[in-house]
1. How much length, in nm to one decimal, is gained on full extension between Phe160 and Ile16, taken as 0.36 nm per residue of separation minus their Cα-Cα distance?
2. Find how much the distance from Arg186 to Ser51 grows on full extension, using 0.36 nm per residue of separation minus their present alpha carbon separation; answer in nm with one decimal.
3. Which of Lys11, Lys177 comes first, and how do the rest follow, when ranked by fewest Cβ neighbours within 10 Å?
4. Return a whole-number percent for the relative contact order of segment 1-116, with Cα pairs under 8 Å and 6 or more residues apart as the contact set.
5. Hey, for a label at Arg150 modelled as a point 7 Å past Cα toward Cβ, could you say which residues of segment 105-120 have their backbone N under 18 Å away?
6. With +1 on each Lys and Arg Cβ and -1 on each Asp and Glu Cβ, and nothing else charged, work out how big the dipole of segment 1-69 is about its Cα centre, in Debye to the nearest 20.
7. Taking the beta-carbon count within 10 Å as an exposure proxy, list Glu163, Glu199 from fewest neighbours to most.
Amino acid sequence: MNDNNLRADLKIIVDIVPPEAKVLDLGCGDGDLLTTLVQRKSVIGRGIELSEAGVRHCVSRGLSVRQGDIDEGLGDYPTGSFDYVILSQTLPYIDNPKVVLREMLRVGKQAIVSFANLGHWRARLQLLFGGRLPNMAFSYLPWYESPRARPVSIADFFSFCAEANISVVEAIYLTDKRQLQGLGKRRSLATIGLFVLKEHCSGSDRSASNTPKS
């Protein structure tokens, strides 16, 4: 698959995952990310997808994907089965994020999570002056056409991780097309937040350098 067809957050995930890693992709859709990881990084990839059409498409591409609801847990997988467990653009649509993230960090050494940032400056202005939730909070669909969702901001997610005792190893802020760098790396400028997570442990991690002002 041509990397140019991947979303910006998926391109970053491909860069993060090392060659020959064991990867579980939750809510893997049509399998674009898994296909790229297998082709470029020779990963041992597995996926879980709720939609039957998505599973069929993945299987037709030669991917190992099963149909399932990630809110029901990952009990089929032993602890430490994967190097990375990925949840891309799916967080607002799960019923119990704390349980799902705990399961991700049980079966994986690290987790990668990305989501649309409701704290983006355009979203703030639209809500402040227009009194309406922006479509970006619902995968760019009108709220009445989108699946049930609970929009989340980057600040919300940092608070959630602190409460859930989850360490943010790395935080990456993106626009729709590129990664934000330098002075531009502010939460309010990011349309997408991407986070590498692990179980909390004593001592410092890299999260302190990845939490710029909003």
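Bear in mind these aren't lab numbers, they're just calculated from the coordinates by the rules spelled out. The model shown is predicted, which means the values in this text are computed figures rather than measured ones. Heads up, the Cβs are rebuilt from the backbone with ideal geometry, glycines too, and the neighbour counts pull from every protein chain shown.
1. Additional length available on full extension: 49.5 nm.
2. 45.1 nm is the gain from fully extending Arg186 to Ser51.
3. Lowest count first: Lys177, Lys11.
4. Here the relative contact order equals 24 percent.
5. Under 18 Å, as judged by backbone N against the label point of Arg150, lie 105, 113-119 of segment 105-120.
6. 200
7. Glu163, Glu199
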